[in-house]
Amino acid sequence: MAEPPRLELRGLRKAFGAVRVTHDVDLALRAGEVHALIGPNGAGKTTLISQIGGELMPDGGRILLDGHDITRLPAHRRAAAGLARSFQISQIYPEFDVEDNVAMAVQALAPGGLNMWRGARHDARLRTPARAALERVGLAARRQVRAGELAHGEKRQLELAMALALGTSTLLLDEPMAGMSIEESRRMAALLAGLKGRYSILLVEHDMDVVFALADRVTVLVYGEAICTGTPEEVRADARVRAAYLGDG
Amino acid sequence: MAAGRKFWLNLAGLAVFVLVPAVAGLADKPFLVSLFTRFAVYAIAAVSLDLVLGYGALVSFGHAAFFALGGYVVGIVAFHTADGSGLLGWAGTQQALILWPLAIAVCALAGLVIGFLSLRTSGVQFIMITLAFAQMVYFLLVGLMVYGGDDGLAIAQRNTLPGIDLGHPVVYYYLCVALLAAWVFLCRRIVGSRFGMALRSLKQNRRRSIALGLAPLRYQLTAFVVSAAGAGLAGVLWANYALFVSPDMTTWQKSGELMAMVILGGIGSIFGPVLGAIAFIGLEQMLTGWTEHWMLLMGPALVLVVLFGRRGLYGLLVPERDHG
């Protein structure tokens, strides 16, 4: 690959006491790919995502985003560095309406955050991109509903809209289909497929059908260790993976 | 429909404030002007507190400190100006146009320092640390014997404005009402702005806001400073109204009263705390007429409002959700 990876982990380590939750993990997210991170429960997927997002500080190793070291960058500055994320449990603003939620994502990286005078709720510079993002995830019709009143699946869609509205090209999606109905996750998968190529996506997902249909490459995490990275076919054929994961999954 | 109702309610409130001197004159009850001046002054402080309490979920239990500081700047400068001693080489002034912005700036600066230190904590610790700072200010003022210590400091006359006679009760009252209206308007702009949305987002889901790239301290500290400045303005107006300042202005009871006004009127609505200040002081006035144990009756009234309308008195009058 001529192009450098969008996101790169080099020898990342993290331990809680004696438990090594991230064990020398190397991972490269290539530009434009969907890279799935899979592993049995307790493999350390969310811990790894939290370190990339900046909520947890690794004990050692490096995290590079577009070639820049962001290992020690505070969480709130990683969005500006080019990283958008969604959470395993929807993190939305329940009292805002749906459009306000997305407008917050639009304004977060825009200048004028300390503007106290101009009304934000009728500001086309926020509202137009917010509506566009809602359109993309299929929530446009619900834009005036209070976000706390959305159905579970809709909240997941809203999370994705907020990540898209941030305007970064690297997405960290932690189980975007968690808890969704079959129909909802089928639609979400189609949505993610539509993002392929334009975004570089690191995707944590449990649903193997989705992973193998969507991902360009897959990394398997077992007990904090990245035991295998490759195309879905390669991973499926890997003996260690079958032993550690697919066998008992 | 509901927006219309809100508009008319606010207009009616303003009309009541405007008509008070006329009614007081007709009914020959001059104390009404004095009472409504107190309403307006405390409403400014309560609205300021609502900015951090209602929109930032920052439970400041020390806002009386800023109220007192604003008042004491007026009192101390008046003290030195009157006896000709001057203050750090400055002869002092009675000009409101100089003194009041100075007092507000002092409160904003105090808010910056106290807020910066307090915002390292959150939740109960934030409540306790803001309370601790207010207590520090209290004991500082008690210890300043030259300014009366415990007994407080009397002020000879109101500050002056060119062309306006602040010594006249009705004139002074209208000035307070105008400042209240301007402050309410400004605060409504603030909570509806990008800044206000960011502050409210941090209240609802700090984790999400950080992931989106917002630095919490930047927004919460700014709100704290603006709020402190507003409370300081109320202190300035109180010192000029009562012509007296004392450490009582910064007791924890005073901070609690401000909080009670916000909760009684409707937290997170800006308009509500105005109603809350009126209801609280009005009730206090009425009940103290009957018994000195007026808190025995005020307590249950507060409990009832909190139980039956989480959005306070204003929420009972405007049932629709306020989206600001």
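Just so you know, all these numbers are worked out from the coordinates, no wet-lab data involved. Everything numeric here is computed off the predicted structure, so don't read it as measured data. Note that we place each Cβ from the backbone using ideal geometry, even for glycine, and neighbour counts take in every protein chain shown.
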Next on the checklist: Can you tell me which condition B:L186 does not meet? The list is (1) under 18 Å from the mean Cα position of the chain (by Cα); (2) more than 24 Å from B:D83 (Cβ to Cβ); (3) buried (at least 19 other Cβ atoms within 10 Å of the Cβ), and all the others hold.
Outcome noted: (3)
Checklist entry - Quick one: in the range B:209-228, which of the residues that are among the polar types (S, T, N, Q) and more than 10 Å from every other protein chain (Cβ to nearest Cβ) is surrounded by the fewest Cβ atoms within 10 Å (Cβ to Cβ)? => result B:Q220
Checklist entry - Going through the range B:140-168 one residue at a time, which ones are out of contact with any helix residue (DSSP H, G or I) (no Cβ under 8 Å at 6 or more places or on another chain) and part of a helix (DSSP H, G or I)? => result B:L140, B:M145, B:V146, B:D151
Next on the checklist: Can you say whether B:R206 is over 16 Å from B:Y42 (Cα atoms), in contact (Cβ under 8 Å) with a residue 12 or more places away in the chain, surrounded by fewer than 20 Cβ atoms within 10 Å (Cβ to Cβ) and more than 8 Å from chain A (Cβ to nearest Cβ), as far as the supplied structure shows?
Outcome noted: no
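Being away from chain A (no Cβ under 14 Å), within 30 Å of B:G25 (Cβ to Cβ) and part of a strand (DSSP E or B), is that true of even one residue in the range B:169-182?
no
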Next on the checklist: Only one of B:G299, B:G272, B:G312, B:G276 is more than 15 Å from the chain's Cα centre (by Cα), surrounded by 24 or more Cβ atoms within 10 Å (Cβ to Cβ) and of a type outside the set (S, T, Y). Can you tell me which?
Outcome noted: B:G312
Item to check | Which listed residue is under 30 Å from B:T81 (Cβ atoms) and small (G, A, S), from B:A215, B:A154, B:A132 | outcome: B:A154
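State all residues of the range A:60-97 that are under 22 Å from A:H23 (Cβ atoms) and surrounded by 14 or more Cβ atoms within 10 Å (Cβ to Cβ); if no residue qualifies, say none.
Answer for the range A:60-97, where residues must be under 22 Å from A:H23 (Cβ atoms) and surrounded by 14 or more Cβ atoms within 10 Å (Cβ to Cβ): A:G61, A:R62, A:I63, A:L64, A:L65, A:I70, A:T71, A:Q88.
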Checklist entry - Just checking, how many residues over the range B:248-267 are buried (at least 24 other Cβ atoms within 10 Å of the Cβ) and either among the aromatic types (F, W, Y) or over 14 Å from the mean Cα position of the chain (by Cα) (or both)? => result 2
Item to check | Residue check, A:D69 within 22 Å of A:V222 (Cα to Cα) and of a type outside the set (A, V, I, L, M) | outcome: no
Checklist entry - Counting only residues that are of a type in the set (A, V, I, L, M) and surrounded by fewer than 24 Cβ atoms within 10 Å (Cβ to Cβ), how many does the range B:230-247 have? => result 2
Next on the checklist: Of everything in the range A:55-107, what is touching an Asp or Glu at 6+ places or on another chain (Cβ under 6 Å), at the interface with chain B (Cβ under 8 Å from one of its Cβ atoms) and touching a residue at least 60 places away in the same chain (Cβ under 8 Å)? Give them in sequence order.
Outcome noted: A:F87
Checklist entry - Is there any pair with a first residue in the range A:116-135 that is within 14 Å of another protein chain (Cβ to nearest Cβ) and a second that is surrounded by fewer than 19 Cβ atoms within 10 Å (Cβ to Cβ) whose Cβ atoms are under 7 Å apart and which are 6 or more apart or on different chains, and what are they? => result A:M116/B:R189; A:W117/B:R189
